[in-house]
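Just below is one structure, and these are the notes that go with it.
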Amino acid sequence: MGEDAIVRLFDPPNDCAPADVIVPNGDDAAAIAGTTGSAFVVTTDCLVEGVHFDLAWADPRFLGRKLVAINASDLAAMGAMPRHMLISVCLRPDVRVEGVRALATGLHERCAAHSISIVGGNTTRTTGAMVLSATLIGEAPCDAIVRR
């Protein structure tokens, strides 16, 4: 089963789609109508240890920068300006504090470059692979959203 087929499994039934959803599940990001002719454009993506990176060669600062970049590129693809970000990190107990600091530094550097504010998120422990995830919220005029 490919990615598009898996994504479609999470589509809401046709009669349940809210009226304020301009771009639903299945595109680079979702778009939700605001109150002034603009839309909130929301996307999420993650980096998984062993799939997207290996700490033996991946610099944590680079990973922080990359996490912002992969999400910001989805917003850019739809013509939206990034505004806010939520992050979620699943860290193993053996991850060194210096590595977490470097990850945060990379996040802050890339966020500063794009005027993105980190507004919340989650941290948790894992005994398996590390997972770094971000959700970006951007904004675009409703009539200027670029679709696939």
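The values are calculated or read from the model by the stated rules, or taken from the named source; none is laboratory data. Computed from a predicted structure; not experimentally measured. Cβ: placed from backbone, ideal geometry, glycine included. Neighbour counts: every protein chain shown. These accessible areas exclude ligands, DNA and RNA; they are computed on the full protein's heavy atoms, side chains included. Shrake-Rupley method; radii C 1.70, N 1.55, O 1.52, S 1.80 Å.
Structure above, values below:
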read-out	value
Ellipsoid equivalent to segment 53-99 - semi-axes via the Cα gyration tensor, in Å	26, 12, 8
Inter-label distance, nm, simple model (7 Å from Cα along the C-beta direction), VAL97/ALA56	2.8
Mean accessible surface per residue for the chain, computed with a 1.4 Å probe while every protein chain stays in place, in Å²	59
Residue-averaged 222 nm ellipticity for the chain, from DSSP H runs of 4+ at -39500 (n - 2.57), nearest 500	-9000 deg cm²/dmol
Carbon + sulfur, % of accessible area of segment 54-135 - ligands and nucleic acids excluded, 1.4 Å	56
For segment 74-148, Kirkwood radius (reciprocal of mean inverse C-alpha pair distance, Å)	13.9
The chain - Rg and Dmax from Cα coordinates, angstrom	16.5, 49
Solvent-accessible area of VAL89 with every protein chain in place, 1.4 Å probe, in Å² to the nearest 10	10
Full-extension gain in nm, ILE70 to ASP20, via 0.36 nm per residue minus C-alpha separation	15.4 nm
